[in-house]
Amino acid sequence: MNRRAFLRTTGAALSALALAGLPVKAQSLEGEDLANLEKALKETLGKGFKDLTPSNLVKLTMPAIAESGANVPAEVEVNLPAGQVKAIHLFADKNPTPRLVSFMPMKAMPYYATRVRLAETSAIRAVVETTDGKLLLASASTRVTVGGCG
Amino acid sequence: MPIRTIVRLTPAKPKAGEEVRLQAVAQHPNEPGTRRDERGNLIPANYINLVEVYFEGEKVAEARPGPSTSANPLYGFKFKAEKPGTFTVKLKDTSGDTGEGTVKLELA
């Protein structure tokens, strides 16, 4: 076996390993305080909480910088027909209680706006439960100058 | 003490079939239970954990906010304006206090 062939085969094997190894841990979530977030996700969504699909149907609007974490506007809109959305949940990775809100649009359109408290600079997640059991995810990030929980 | 609640619609008089935004603002401290007063004592949690929207007596939306909601919170929803009627927003906090606000939907 010459050097070129050796590199080709080991390279392919390594990348296959990397691809197989990744989904177990990293899935679709990236960030620092995932243990905190995953606990809240599990409490809210139950067993299947790891099956999150990033989707551009979910639009989460957060300010890039918030001067005060005590009052941060958050807006989420789902680009799906009204009947197909079972619930919309919002989470902030680094809040003491990561779950911000759960919204059940029964006859309403899949849209929710509110103002939230953020403890510190953190990633915000919108998780949408559809009626056919899928979990769609959108993330945003807000820099917080002064925290709103302490 | 009842929670003061103000509800409004934008646009105020939508056409039939148009989207209408319903916004409810409540006067409430929404204490998350993590804040301390000037003596360092924890302020007990007291926040709104149930928001229900009714249209003509029928429940049309429900939100369950957690403790991380801002003081004097705002809740925004969107509906399709189909027929005239009355929206009622009912709030409940963790201490059992309730609030209620109504707004009439009139079609242009």
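The values are calculated or read from the model by the stated rules, or taken from the named source; none is laboratory data. Small disclaimer: the values here were computed from a predicted structure and weren't measured. Quick reminder, even Gly has a Cβ in these numbers, built from the backbone with ideal geometry, and neighbours come from all protein chains shown.
For the stretch B:48-67, a tally of residues being at the interface with another protein chain (Cβ under 7 Å from one of its Cβ atoms) and acidic (Asp, Glu) returns 1.
Residue count for the stretch B:25-38 satisfying the condition of being at pLDDT 90 or above and more than 10 Å from chain A (Cβ to nearest Cβ): 5. Against the conditions (1) under 14 Å from A:Leu45 (Cβ atoms); (2) of a type outside the set (D, E, K, R); (3) under 17 Å from the mean Cα position of the chain (by Cα), A:Leu118 satisfies every one except (1). Within the stretch B:39-68, restricting attention to residues that are at pLDDT 95 or above and among the β-branched types (Val, Ile, Thr), the residue that is farthest from the chain's Cα centre (by Cα) is B:Val60. When each of A:Phe91, A:Phe103 is tested for being within 14 Å of the chain's Cα centre (by Cα) and crowded, with 20+ Cβ neighbours inside 10 Å, the lone residue that passes is A:Phe91.
Which one is nearest to A:Glu129 (Cα to Cα) among residues in the stretch A:33-46 that are touching a helix residue (DSSP H, G or I) at 6+ places or on another chain (Cβ under 8 Å) and surrounded by 14 or more Cβ atoms within 10 Å (Cβ to Cβ)?
Applying the filter and picking the extreme gives A:Leu41.
If you take the residues of the stretch A:47-63 that are surrounded by fewer than 15 Cβ atoms within 10 Å (Cβ to Cβ) and over 22 Å from A:Glu77 (Cβ atoms), which of them is farthest from the chain's Cα centre (by Cα)? Result: A:Lys47. Counting only strands (runs of 3 or more DSSP E) wholly contained in the stretch A:45-150, the ones carrying 3 or more residues that are more than 9 Å from chain B (Cβ to nearest Cβ) and under 25 Å from B:Lys59 (Cβ atoms) occupy A:72-78, A:85-92, A:122-130. Annotation: of all residues in the stretch B:70-87 being in contact with a Phe, Trp or Tyr (Cβ under 6 Å, 6 or more places away or on another chain) and not aromatic (Phe, Trp, Tyr), the one that is surrounded by the fewest Cβ atoms within 10 Å (Cβ to Cβ) is B:Gly85.
Listed residues A:Pro96, A:Pro110, A:Pro81; which is more than 23 Å from B:Phe77 (Cα to Cα) and assigned by TED's automatic domain parsing to the domain that holds A:Lys50? None of the others qualify; the one that does is A:Pro96. From the list B:Glu58, B:Glu18, the lone residue that is touching a residue at least 60 places away in the same chain (Cβ under 8 Å), within 24 Å of A:Val85 (Cβ to Cβ) and surrounded by fewer than 18 Cβ atoms within 10 Å (Cβ to Cβ) is B:Glu18.
I'd like to check something: does the stretch B:44-54 contain any residue that is surrounded by fewer than 16 Cβ atoms within 10 Å (Cβ to Cβ) and touching a strand residue (DSSP E or B) at 6+ places or on another chain (Cβ under 9 Å)? So far as the stretch B:44-54 goes, yes, one or more of its residues are surrounded by fewer than 16 Cβ atoms within 10 Å (Cβ to Cβ) and touching a strand residue (DSSP E or B) at 6+ places or on another chain (Cβ under 9 Å).
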